[in-house]
Each structure stands twice: as C-alpha cells, then as structure tokens.
Amino acid sequence: AAIGRSASAFAGNSNTLPSTTTAARRTFLTVAARRNSNSRSQQLALSKKHARMAAAVAGSRYIHTSKYTMLRMSGGADDDTKAAPFTTWSFDAPCETMEFSPLHPATVQLADENALVTDDADLVIVGVYAPPENDGETSSAVELTGAAKALDEELGGVLSEVLLEDKKYKAKAGAATAVTRVVTVGSDGAKKTTKFALVGLGAADKISDVSSGAASKIGTAIATACGSQKGVSTCTVVLPSSVSLSEVSCSFYSELYADNRFRTGDKIKTPAEDLTSVSIVLEDSDNTATSTIEEGVKLAKGIYLTKDIVNSPHNVLNSLSLASSAVKLAEESGGTIQTTILDKDECEKRGMGAFLGVARGSETEPKFIHMKYTPKSGEVKRKIGIVGKGLLFDTGGY
C-alpha cells in the first residue's frame, strides 16, 4: 500500500522521482517488515512485484539482474559507471569457467659459481646442521661447518654470535634464527647492509631422506623469512647439495600462495611482495640442480591449481566450470593428459543412475570427468586409477 501511494504521488510529479537505489531500498524495507508474516515464496513474490513497481517509478536506471535479486552486485546509486570486479559469473547464468591464481613472480635459481654469497643479496639464509642426538636427546650446541663456517669467518664471526645469543636454538629442520644486519662490501667495492639468518637443516644423516620432510620445511622457512622482512627483493640461500631442491622450491612457492581472485583494492594480499629472486648456492656442484628446481616449480603450480579449485565459492565452482578446467589442464599438458567429458545424455546411455540421481540436486547439468595421463615416453608400466566423488554442492549429509 505504501509503495502504491508513493507511486501515485511520484507519477504526478516527475521532478520528485526517487533515485534507483532509494526506490529499491524502499522495496526491500517493505519486504523485510513482512518477513515474519509471510512464507519465503510469498516474500519472493512480493519482492518481484515491488521491484517492478519501483522500476516503473524510478525509470530505466533500475536494472533487474535476475529473478532472485533486485540490486546490482556492486551496489550504490552511481554504480552504472563502475566495472564489476568479478566477471566470471552472474545471477542470470551459471559460471562456465574459473580463474586461477598465478605463481608468485619471484624466481628460484642456482647462483653463479663465481659470485660472492653477499653480492646483490638483501637477505642471506645459511643452512646449518643440527647437533647429533644421544639417546634421542640433543645436548651439544650447534656448530658451523662447511660453507656456513667459511662465511662466518668472512663476516668476522657474526654467525657464531647469532648462535651464542640464542643458546636454545637446535637447528631443527626449518627452524630459523632472528635476522641480523651486517654492513658488507660487494665485489664492486660498494657497501650495503645485508640481513643474515640461519635455517636449520635437521640431522645430517636425515637431510637426504625425503620422507623426513626436512627439505619441505626448509623451503617454507625461506619463504617465511623473505615475507617477514620488508624491502627484501633478492635472497641468497646457502645449502648442501644433499637437500632435495625440488622439495625446497615446491614448498617455497606453496607458502607464498595467495588467492586474490575475489579481492579488490586494499584487500589484495601479496606475500613477500618485494621479492624478485632467490639464488641457491650449493656447497658441492650438482648438474641436476636446475632440473630439480623446475620440477618443484611444476609441483607448486599443481598445488596452486588444487587450492584454487577448493577455495572457489559455489557460485563459481560447479560442474561446468570444473569440466572446463579439466579440459584446459589437458590442453596445457603438452599431450600427456587426455580429458573426456560425459554429459547428461551420455551418462544416461551408460546407465549411470546413481551418479545422475545425486546430480539432480545441482542447478547445472552433470559432467562426468575422465582424465588420463600418459608419460611422454609412451611407456606404461602400471595403471593406477583414482576416483573422486566431485560433489560441488551441499547434498545434505555424508
């Protein structure tokens, strides 16, 4: 009744037409006031009716985006001129594609053999072994050996002082010391302030054991140190060649993952935003180091993809967008992955009743995704099948 009287009054005076947002807000306030006395279906009917009336009064500026909503997603009276922040979905149609987070832009590479450890490095991280254990207990202090000892001598015992100040430090895998600032002189003779930190490698006899997780913890510690120190654009890491560099690079990038697909403005988060490169100095030469680093980068990309899919809200993640992501992954695999998508009709022909029964609860049609990986060599020694339910909506239980 209130909307009707307002419409009659405004219809006689074009100069008093309310703004789009004002008219729409009146509509929603009227519906909200009747929430306790109307069922959901009645409320929806009233919403539609009042929205049409408000649109007629307010003029063409009001846009009805779908049958479920009466306001623009971005909101505001002047949003006609603003670009919508999220373009992959709307209320009128289900999302058919997904966006994915890019890998952190910092590069991980082997350092030049002739370069000094402190050259062009804002932060230097040195790996140190944990002292040996006696009957499961570590009693002795951490000792600097190899490249760490040589660097300590070059710096006048600075690293030794770090250990003396933190007597409880036991160099467990991934455990880092506080950062110490030192004025260093580069190969060009220029002076600069460099930050130094020690990172634990764990026990020497377990460093090459991938199952111990030591290398993964080291990579995480490197990323954390780079992110916690402001203004660090370059980092040098000194490690023994026995460390799995694929695990180090993989965990390094995984720690720097940030999902900004649905964030705008100041809410966008970029870990270690100033970091551009990480150079790894190995105590012993390793001809396979570069390839193992790249292997870790590829694993990290897979982790980013997995996290993006899991983190996607369900107005973006549905059977259509997941299927298109599987197709895109196959296209970028260089021929090692083949993807086959079965739609509803093909599933019905195969008698996949249970699958189709569950899929009835979704607004999008079912997509049965079959992905097959074949090595580049083409030689198949063993076949392994992994089956997932792929539930993308609340089925009401487990």
Task: Peptides 268-275, 214-221 ordered by average Cβ neighbours within 10 Å, highest first - done: 214-221, 268-275
TODO: Quickly rank 313-325, 236-248 as a protection proxy: mean count of other C-beta atoms within 10 Å, highest first.
DONE: 236-248, 313-325
Open item on the list: Computing the accessible area with a 1.4 Å probe over protein heavy atoms, can you report the carbon and sulfur percentage for the range 202-277?
Closed with: 47
Task: Mean separation of Cα contacts under 8 Å (6+ apart) over length of the range 318-397, as relative contact order % - done: 38
Task: Taking all pairs of distinct alpha-carbon atoms in the range 242-393, Kirkwood radius in angstrom - done: 18.8
Task: Inter-label distance for residue 241 and residue 190, nm, one decimal - labels placed 7 Å from Cα along Cα-to-Cβ - done: 3.3
Open item on the list: Please compare each pair in 269/298; 230/301; 168/195; 307/328; 328/381 to a cut-off of 19 Å on the Cα-Cα distance and tell me which ones are over it.
Closed with: 269/298; 230/301; 168/195; 328/381
Task: Added length on full extension, which subtracts the Cα-Cα distance from 0.36 nm per residue, residue 266 to residue 340 - done: 22.6 nm
- [ ] Give me the accessible area per residue for the range 248-398, probe 1.4 Å, as a whole number in Å².
- [x] 66
Open item on the list: Considering only protein heavy atoms and a probe of 1.4 Å, how much of the accessible area of the range 318-397 is carbon and sulfur, as a whole percent?
Closed with: 51
Open item on the list: Show me, bin by bin at 10 Å from 0, the whole-percent P(r) of the range 318-397 based on Cα pairs.
Closed with: 16, 43, 29, 11, 1
Task: Percentage relative contact order, the range 241-398, counting C-alpha pairs under 8 Å, at least six apart - done: 22
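The values are calculated or read from the model by the stated rules, or taken from the named source; none is laboratory data. Owing to the predicted nature of the structure, the values given are computational and were not obtained by experimental measurement. Ideal geometry is used to build each Cβ from the backbone, glycine not excepted, and the neighbour counts take in all protein chains shown. The accessibility values were calculated without ligands, DNA or RNA, using every heavy atom of the protein model including side chains. Shrake-Rupley method; radii C 1.70, N 1.55, O 1.52, S 1.80 Å.
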